[in-house]
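J.: There's a structure below that I have some questions on.
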Amino acid sequence: MDQTKEVFPKAAHNIAKARGAHVLAMDGPGQGSSNVQKIRAVRDNYGRAGAAVISYIAKRPEVDADRIAIYGISMGSYWSLRLASCDRRVAAVVSAVACFNPNNTIFTGPPRASNRELTAQKELWVLENQYHPLWSIGNLGGLDVHDYALDWLQGLYSGHLQPTRQGRIAYVREGGSGPWSDCEWQPPIGPAQPYF
């Protein structure tokens, strides 16, 4: 909720364009220009705003309406999953620096608990020694998380990536070979058990 639509993509360096993708960024209720106008995130208005954006882009001639994806960053990971769960026009969701629970639990629940509840094809990356970064991530070769999010979508839409419903969990080490290497991982504790 503390980000604005100007965070991604950068106008002067749109990494989506180089990959042949279009991006429409929005300030949903409670964010950026919406927040300045006192439009708060209450009830279902974030989902309604997202659905209106999907309706708009689905009508544009340059957009393939069957390949609409949502990329949710931080609290946007929570809203993106909520929108995708009720709007069947969403073909894929990518979330980064995850916050999957509302209110005071957004930073206390590990993403693997939410991952278990997803019934769609999925993949989860756990980045060693990282918490909430977006830029210059050592686990991702010093690149931004955005590069990897778009590459994942590109792999999905090209057919080179085939996630399963069970879902692969990758443990991406600092200075390792990245998320597409042989880094499959099983969490050492059960879903309801704390790490500490």
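J.: Looking at region 148-172, I want the residues that are within 20 Å of D64 (Cβ to Cβ) and of a type in the set (A, V, I, L, M, F, W, C) and have a partner that is open to solvent by less than 40 Å² (accessible area, probe 1.4 Å) and part of a helix (DSSP H, G or I) with Cβ atoms under 7 Å, at least 6 apart or on another chain. Which pairs are those?
T.: L150/I15; L150/A16; L161/W152; L161/G155
J.: Moving on to the next point. Pick from region 59-83 the residues that are of a type in the set (A, V, I, L, M) and more than 21 Å from S158 (Cα to Cα): which of them is farthest from the chain's Cα centre (by Cα)?
T.: My answer is L83.
Here's the yes/no breakdown for (1) polar (S, T, N, Q); (2) on the phi > 0 side of the Ramachandran plot; (3) open to solvent by less than 40 Å² (accessible area, probe 1.4 Å):
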| site | (1), (2), (3) |
| --- | --- |
| R40 | no, no, no |
| I57 | no, no, yes |
| I68 | no, no, yes |
| S80 | yes, no, yes |
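J.: I've got another one for you. Given the structure, is G28 assigned to a loop (DSSP other than H, G, I, E, B), open to solvent by less than 40 Å² (accessible area, probe 1.4 Å), under 24 Å from W152 (Cβ atoms) and in contact (Cβ under 8 Å) with a residue 12 or more places away in the chain?
T.: For G28, the condition - assigned to a loop (DSSP other than H, G, I, E, B), open to solvent by less than 40 Å² (accessible area, probe 1.4 Å), under 24 Å from W152 (Cβ atoms) and in contact (Cβ under 8 Å) with a residue 12 or more places away in the chain - is met.
J.: Here's something else I'd like to know. For region 142-165, how many residues are open to solvent by 70 Å² or more (accessible area, probe 1.4 Å), within 24 Å of G20 (Cβ to Cβ) and either more than 15 Å from the chain's Cα centre (by Cα) or of a type in the set (V, I, T) (or both)?
T.: The number of residues fulfilling the criteria is 3.
J.: Do the conditions hold for Y46, that is, is it assigned to a helix (DSSP H, G or I), touching a Lys or Arg at 6+ places or on another chain (Cβ under 9 Å) and open to solvent by less than 40 Å² (accessible area, probe 1.4 Å)? Lay out the reasoning, then the answer.
T.: Working: assigned to a helix (DSSP H, G or I): yes; touching a Lys or Arg at 6+ places or on another chain (Cβ under 9 Å): yes; open to solvent by less than 40 Å² (accessible area, probe 1.4 Å): yes.
In short, yes.
J.: Let me ask you something else. Given the criterion among the polar types (S, T, N, Q) and more than 17 Å from I15 (Cβ to Cβ), identify the matching residue among Q130, Q154.
T.: Result: Q130 is the single residue among Q130, Q154 that is among the polar types (S, T, N, Q) and more than 17 Å from I15 (Cβ to Cβ).
The values are calculated or read from the model by the stated rules, or taken from the named source; none is laboratory data. This one's a predicted model, so the numbers in the text were calculated from it and none came from an experiment. Every residue, glycine as well, gets a Cβ built from its backbone with ideal geometry; the counts of neighbours run over all protein chains shown. Ligands, DNA and RNA are excluded from the accessible area calculation, which covers all protein heavy atoms including side chains. Shrake-Rupley method; radii C 1.70, N 1.55, O 1.52, S 1.80 Å.
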